[in-house]
Amino acid sequence: MAVIALIDGEHHPAAVRDVLDTLDLAGVIFCGGEEKLPAGELDEIYGRPVRTGPEEALRALAAAADAVVDIADEPVLPPSAKLRLAALALHLGLRYEGPGLRLEPPAYAPVPFDGPKLAVIGTGKRTGKTAVAGHWASLLRERDPVIVCMGRGGPAEPTVARADTDLEQLLAVVEQGGHGASDYLEDAVLAGVRTVGCRRVGGGLTGAPWHSNVPAGAALAAALPGTGALIFEGSGSCIPPVEVDRTVCVIGPGEPEPLADYALLRAQLLLAHEDAAAPPGALRFSLRAEPADPLPDGARVALFTTGAPGCEGIEPLVTSANLARRTALAADLERAAEAGCDVYLTELKAAAIDTVARQAGERGARVVFLRIRPVGVDDALLELADA
């Protein structure tokens with residue numbers, strides 16, 4: 001097994017040489033440090049060719065290697081720097097090994113489809129992946145796209161949702177023991193395209209699920225009559241485990257997940273929330289909330305979200321950001337009943353169907369779904385699909 005060794009000058013060269021002599025080397029990369037480094041050329045000090053500039057050197061050496069072995073240490077390579085190099089190694093298809101750590105590059109299954117295969121992934125949960133995927137599908141409507149979703153509440157077997165899926169059908173899913181607000185159902189209702197729902201369980205540091213049926217879902221979507229493009233939607237920071245042509249990564253606010261750089265490296269387009277820390281080249285965008293259907297004049301509105309932006313021009317009597325917090329949501333629903341709300345405007349997420357929509361029905365209130373639309377991304381998404 002050929003490996004690329006990461007070394008530093010904080011170790012005595014003799015100690016490093018002894019370890020390097022035990023490895024089948026594809027290359028050696030010097031990451032910095034000079035505390036124990038004598039004067040002279042690095043090639044002479046370590047008795048073999050040595051490259052500098054870790055990221056550039058990793059890319060240059062990757063084709064001849066199977067793995068990266070990290071024998072450097074702090075302060076040259078603190079944990080954050082190690083994870084950045086690990087992310088790059090994994091992106092290049094190399095295993096990353098260090099003391100107490102072994103990371104394998106995720107596997108991606110081929111998809112039996114000749115048309116565009118696109119993906120929307122994110123740096124974490126609630127970044128706007130579903131909004132971006134659904135909007136991308138609406139922009140590509142003439143190509144008859146199918147969205148393939150993976151979720152923690154997805155079906156045990158890949159399931160097709162029709163483009164005309166409605167509230168009655170979502171309630172039927174709940175009655176049958178399913179998750180009526182699964183992302184594939186949200187996409188079908190709000191984007192108005194066919195979708196395939198899949199399940200995933202667990203999520204690794206590089207976005208690989210422990211288990212998923214996405215490859216089977218991809219094959220199902222590809223076989224649907226008239227499919228012109230496939231859009232794979234990630235779940236949380238999990239990445240759909242299938243091969244795609246182009247990837248969008250949505251960067252949310254807050255601290256990035258460990259090894260988030262891996263997701264960024266997979267993407268050809270980075271979309272960053274207005275308040276997110278973003279790398280150079282990322283396209284800034286915003287999310288706009290709007291009712292999917294017109295509200296009646298004089299409606300007494302209760303608004304239920306997971307924390308989405310408010311709707312411009314709508315002043316709800318009751319506002320709840322607790323769709324994903326069921327105990328607090330119960331109290332908010334009581335407030336809506338006491339206020340006499342007759343329209344429940346809700347995101348199609350979390351407890352929207354099994355709790356909010358059910359209670360709306362019991363109280364004679366109308367349910368209107370809230371669509372979250374990304375603003376400022378249309379040209380970039382179309383260009384990426386055309387590429």
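Remark: pairs (first residue in the stretch 372-387, touching a residue at least 12 places away in the same chain (Cβ under 8 Å) and within 13 Å of residue 250 (Cα to Cα); second residue among the small types (Gly, Ala, Ser) and assigned to a helix (DSSP H, G or I); Cβ separation under 6 Å; 6+ apart in sequence or on different chains) = 374/131.
The condition of being without any contact (Cβ under 8 Å) to a residue 40 or more places away in the chain and among the β-branched types (Val, Ile, Thr) holds for residue 327.
Of everything in the stretch 363-384, what is in a helix (DSSP H, G or I) and open to solvent by 30 Å² or more (accessible area, probe 1.4 Å)? Give them in sequence order. Answer for the stretch 363-384, where residues must be in a helix (DSSP H, G or I) and open to solvent by 30 Å² or more (accessible area, probe 1.4 Å): 378, 379, 382, 383. Which of the residues that make up the stretch 288-305 are buried (at least 18 other Cβ atoms within 10 Å of the Cβ), farther than 21 Å from residue 378 by Cβ and either aliphatic (A, V, I, L, M) or in contact with an Asp or Glu (Cβ under 6 Å, 6 or more places away or on another chain) (or both)? Of everything in the stretch 288-305, those that are buried (at least 18 other Cβ atoms within 10 Å of the Cβ), farther than 21 Å from residue 378 by Cβ and either aliphatic (A, V, I, L, M) or in contact with an Asp or Glu (Cβ under 6 Å, 6 or more places away or on another chain) (or both) turn out to be 299, 301, 302, 303, 305. Residue 142 falls short on exactly one of the conditions (1) open to solvent by less than 40 Å² (accessible area, probe 1.4 Å); (2) modelled with pLDDT of 95 or more, and that condition is (1). Residues that are of a type in the set (S, T, N, Q) and at pLDDT 95 or above were ranked within the stretch 305-356; the one that is nearest to residue 126 (Cα to Cα) is 305.
Just so you know, in the stretch 1-48 the residues that are farther than 25 Å from residue 78 by Cβ and charged (D, E, K, R) include one that is least open to solvent (accessible area, probe 1.4 Å), and it is 48.
Have a look at 360, 339, 308, 350 and point out the one that is surrounded by 23 or more Cβ atoms within 10 Å (Cβ to Cβ), in contact (Cβ under 8 Å) with a residue 12 or more places away in the chain and not polar (S, T, N, Q). The conditions single out 360. For the stretch 224-235, the tally of residues that are surrounded by fewer than 22 Cβ atoms within 10 Å (Cβ to Cβ), of a type outside the set (A, V, I, L, M, F, W, C) and in contact (Cβ under 8 Å) with a residue 40 or more places away in the chain stands at 3.
One line per residue, one yes/no per condition, for (1) surrounded by 16 or more Cβ atoms within 10 Å (Cβ to Cβ); (2) touching a strand residue (DSSP E or B) at 6+ places or on another chain (Cβ under 7 Å):
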position	(1), (2)
87	yes, no
92	yes, no
97	yes, yes
101	no, no
105	yes, yes
114	no, no
123	yes, yes
126	yes, no
131	yes, yes
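For residue 183, only one of the following conditions fails: (1) surrounded by fewer than 23 Cβ atoms within 10 Å (Cβ to Cβ); (2) under 30 Å from residue 261 (Cα atoms). What is its number? Condition not satisfied by residue 183: (1). Taking residues in the stretch 78-90 that are under 15 Å from residue 106 (Cβ atoms), and partners anywhere that are part of a helix (DSSP H, G or I) and aromatic (Phe, Trp, Tyr), the pairs with Cβ atoms closer than 6 Å and at least 6 places apart or on different chains are 87/262; 90/262.
Residues in the stretch 85-104 that are more than 20 Å from residue 264 (Cβ to Cβ) and either in contact with a Gly (Cβ under 8 Å, 6 or more places away or on another chain) or in a loop (DSSP other than H, G, I, E, B) (or both): 99, 100.
Residue count for the stretch 198-219 under the criterion of being part of a loop (DSSP other than H, G, I, E, B) and either at pLDDT below 95 or crowded, with 17+ Cβ neighbours inside 10 Å (or both): the result is 8. Residues of the stretch 112-138 that are in contact with an Asp or Glu (Cβ under 6 Å, 6 or more places away or on another chain) and of a type in the set (A, V, I, L, M): 120, 133.
Just one residue in the set 156, 181, 107, 163 is part of a loop (DSSP other than H, G, I, E, B), within 30 Å of residue 70 (Cα to Cα) and of a type in the set (A, V, I, L, M); that residue is 107. Tallying residues that are under 14 Å from residue 125 (Cβ atoms), in contact with a strand residue (DSSP E or B) (Cβ under 9 Å, 6 or more places away or on another chain) and surrounded by fewer than 20 Cβ atoms within 10 Å (Cβ to Cβ) within the stretch 236-275 yields 1.
The values are calculated or read from the model by the stated rules, or taken from the named source; none is laboratory data. Source: prediction; values computed, not measured. Cβ sites come from the backbone with ideal geometry, for glycine too, and all protein chains shown count toward neighbours. Surface areas here come from the heavy atoms of the whole protein model, side chains and all, with no ligands, DNA or RNA. Shrake-Rupley method; radii C 1.70, N 1.55, O 1.52, S 1.80 Å.
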